[in-house]
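In what follows, a single structure is set out as structure tokens and then discussed.
The values are calculated or read from the model by the stated rules, or taken from the named source; none is laboratory data. What you see is a predicted model, and the numbers here were worked out from it, not measured in a lab. Positions of Cβ are backbone-derived with ideal geometry, glycine not excepted, and every protein chain shown enters the neighbour counts. What goes into the accessible areas is simple: the full protein's heavy atoms, side chains included, and nothing from ligands, DNA or RNA. Shrake-Rupley method; radii C 1.70, N 1.55, O 1.52, S 1.80 Å.
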Amino acid sequence: MDDPVKRAHTEALFRDVNERIAESAARFDVDATQFICECADPNCTHRVEATLVEYEEVRADGATFMLAPGHDEPDIERVIADKGRFHVVEKIQSTAREVVRRLNPRTA
């Protein structure tokens, strides 16, 4: 997949789904749940287990995402934390970073 904009849109879509998962988990008062991998592969079906606190830490920055280990794409993002069950990546490619920040549901 070459287009950083398309990849950024895919990751932003997965982030939107995870926002709903986090909201549902909070409503049911659970501490942890399974989120979908927020990688750029639109066919990815991997799940990552995280606490709601961990999820909120990832969401604190609109340019960071939660991925299954090994799903990062070094040309647009870098791993900034290895949590074992998942990696936290930050967008470093300028166009991708701009797109995901613009599509951040928490600032829209």
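Points worth noting:
- Cβ-Cβ under 6 Å pairs, at least 6 apart or on other chains, region 19-40 side of a type in the set (D, E), far side surrounded by fewer than 19 Cβ atoms within 10 Å (Cβ to Cβ): E19/P105; D31/T51
- Any chance T107 is open to solvent by 30 Å² or more (accessible area, probe 1.4 Å) and within 17 Å of T10 (Cα to Cα): no
- Any chance G84 is in a loop (DSSP other than H, G, I, E, B), free of Cβ contacts under 8 Å to residues at least 24 places away in the same chain and in contact with a strand residue (DSSP E or B) (Cβ under 9 Å, 6 or more places away or on another chain): no
- Among the conditions (1) modelled with pLDDT of 95 or more; (2) surrounded by fewer than 15 Cβ atoms within 10 Å (Cβ to Cβ), V100 misses just one, which is (2).
- Residue match in region 15-23 (condition: under 11 Å from the mean Cα position of the chain (by Cα) and either among the basic types (K, R) or modelled with pLDDT under 95 (or both)): yes
- Residue count for region 27-49, restricted to those that are loosely packed, with under 14 Cβ neighbours inside 10 Å and out of contact with any Phe, Trp or Tyr (no Cβ under 8 Å at 6 or more places or on another chain): 9.
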